[in-house]
Amino acid sequence: MNVGAVTRGAEADEVRAWQTYLAPGLGDDMLSVLGLGEVVHYGCHDWEGMTPLHISDHDHDQLAATLLDVARGGWPLTLHAILDTSVTRILDAVETVAAQVPLEPLRWSLCHVECIGAANLRRLRDLGSGSRCRAGWCTRPRSAPTAGGPTSCGTRRRSATSSRWASRSAAAPTPPAAPPTTRGRRCGGS
């Protein structure tokens, strides 16, 4: 299980508390702590991706500070992001942290990312991070490369039900391309 913030305005304190009382891997074969996520800061959480979210500089800075504490604590992290605009701001914060703490060994990822564009896929790959999608639900964004879908950019993928990383090459079978949707609507609420 992932643990994260549940109270708007108290996110940093709640994340710190999880880090104080739990540790990644704590538990048994039935239930164990995987890491932190999906919500670390509500001001940077785009919910279902139905409407655009403006992530303010204040919220971005708070997210970056919390992520730095998470990285220094050695915790794996999964951040929720659907819209490419949200992904952009979240990756800005992650890159700020990556300049101070190596992230690849921590297995950080973004989950859902149904509307991620090719440029952000490359940024995700360059960070040594990956994406987590619900099996059969993540489709190729219109702006992503057509050969091999999002994984053709070299990002790692991780299914919501698997704890193992997987890599796919551009030659791997690709699910049928479909326009990105979120419960029947186009990404971004348009």
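The values are calculated or read from the model by the stated rules, or taken from the named source; none is laboratory data. Only a predicted model underlies this, so the values are computations on that prediction, with no experimental measurement involved. Here Cβ is always computed from backbone atoms with ideal geometry, including for glycine, and neighbour counts include all displayed protein chains.
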Quiz item: Across the stretch 39-62, what is the number of residues that are modelled with pLDDT of 95 or more and either closer than 14 Å to residue 18 by Cβ or hydrophobic (A, V, I, L, M, F, W, C) (or both)?
Solution: 0
Quiz prompt | Search result, residues across the stretch 69-118 that are within 26 Å of residue 48 (Cα to Cα) and assigned to a loop (DSSP other than H, G, I, E, B) | solution = 75, 76, 82, 83, 107, 108, 113, 114, 115, 116, 117
Quiz prompt | the stretch 29-60, residues that are hydrophobic (A, V, I, L, M, F, W, C) and either buried (at least 16 other Cβ atoms within 10 Å of the Cβ) or closer than 18 Å to residue 92 by Cβ (or both) | solution = 33, 34, 36, 39, 40, 44, 50, 53, 55
Exercise. Assess whether residue 50 counts as being part of a loop (DSSP other than H, G, I, E, B), over 16 Å from residue 132 (Cβ atoms) and in contact with a Gly (Cβ under 7 Å, 6 or more places away or on another chain).
Key: yes
Quiz item: Is there any pair linking a residue in the stretch 62-74 that is touching a residue at least 12 places away in the same chain (Cβ under 8 Å) and closer than 16 Å to residue 35 by Cβ to one that is assigned to a helix (DSSP H, G or I) and among the basic types (Lys, Arg), with Cβ under 7 Å and at least six apart or on different chains, and which?
Solution: 69/16
Practice problem: Within the stretch 63-108, work out how many residues are buried (at least 22 other Cβ atoms within 10 Å of the Cβ), more than 21 Å from residue 10 (Cα to Cα) and modelled with pLDDT of 95 or more. | Solution: 1
